[in-house]
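The structure appears below as structure tokens.
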Amino acid sequence: MVEKVKMKLPKGFNQYRVKREAKEFVLRIFTAILLIGISYTILAPVIGMFSTAFMSVEDLFNPMVFLIPSNPTFDNFRGAVQHLRFWNTLAFTLGYSMGLSLLHVMVASFVGYGFARYKFRGSNIIFAIVLLTFIIPPQAYMVPLWFQFRFFGPTNINLIDSYASVIILTLTGMGLRSGLFIYIFRQFFRGLPVEISEAARIDGCGHLRTYMSVMMPNAKPAIITVFMFSLVWHYGDTFFSGLLLTRPQFMHVSLGQVVFRWQSYNSRGGSMMFADFEMMQAQMVFLAAVTLIIVPIILVYAIMQRQFIEGIERSGIVG
């Protein structure tokens, strides 16, 4: 009679725990592979752009060169600074974007606070209309928008090619992504305890003073979030700046306009911005220019990263 041999298992051995840990290990491996794949898909064009910006013409036509230049050079950056008037363009873009971003914070916070704290007949319908302003693509109403500013007011003033058109849009809560910014502030103010505003009113604060002195100091995360969103989107805007600011002196109000001009001139078979360069070399100069213009936004995000993430979490738009 054959005796069954029983294997002695180590002390504390638990087969269910081993199975669970094995499943968790496989899941972590799968998650890591998935994240690496997604990261590569997102970062590959950016890495390629940075790499090409440092390449020389010889590297560009060398089939042995991939990502890492064999003859790295800063000539492309020098060409970008010279032919794009980089420092003037950067100052102009930052000034334009930051000015409109501050207006966005002021207007969106005021409107968002009203939706969060005051209920009146039709408030939900009006807020639904606000949401539609960033759900409906702006191309759907670009023609009436242009005519509105081409023949503005009862005297038909022409506000095309004037900063007044963009400022009016922002001040009335209809600027670039204004609906989203109002939503962020509304969600943030709804998350604050009602007792804060009630205590301010008991202390004698009116509606405006409660908003300015009590609510806004507590809304720093939302302010930073909206400011950064607005800054980045104005930095690369092509719709409002291309529709309402069409003259050559307005073409550098955003990085998107620089890209648009480059693509437009290339589609015509030549490049007015890089007349002194061959086409392939001009492409490398352009990528160097884009790299230089992206750097300030990356620095701003690196400095404000913690506050930005906190504002995203507390505004209720995660996911």
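Computed from the coordinates by the stated procedures, all read-outs in this text should not be read as laboratory data. These figures come from a predicted structure and were not determined experimentally. Cβ atoms come from the backbone with ideal geometry, glycine included; neighbour counts cover every protein chain shown.
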Could you give the length gained on full extension between Ser213 and Ile29, defined as 0.36 nm per residue of separation minus the Cα-Cα distance, in nm?
-> 61.2 nm
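Between Val143 and Leu171, what's the calculated FRET efficiency when r is the beta-carbon distance and R0 is 25 Å? Round to 0.05. Mind dumping the intermediate values first?
Working: r = 22 Å, r/R0 = 0.90.
In this case the efficiency is close to 0.65.
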Take the alpha-carbon centre of the stretch 52-100, take the same for the stretch 147-194, and report the distance between them in whole Å.
-> 34 Å
Calculated from backbone phi, Karplus (6.51, -1.76, 1.60) coupling profile of the stretch 103-116 in Hz, x at Gly/Pro = 5, 4, 4, 5, 6, 5, 5, 5, 5, x, 5, x, 5, 7
Taking the Cα-to-Cβ direction at Ile36 and at Met106 and moving 7 Å from each Cα, how far apart do the two end points lie in nm?
-> 5.1 nm
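What is the fewest-to-most order of Met212, Met55, Met64 by other Cβ atoms lying within 10 Å of their Cβ? All intermediate terms of the calculation are to be shown ahead of the outcome.
On the way: Met212 14, Met55 25, Met64 6.
The most exposed by this proxy come first: Met64, Met212, Met55.
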Estimated distance in nm for a label pair at Ala128 and Asp203, the labels positioned 7 Å out from Cα along Cα-to-Cβ = 3.9 nm
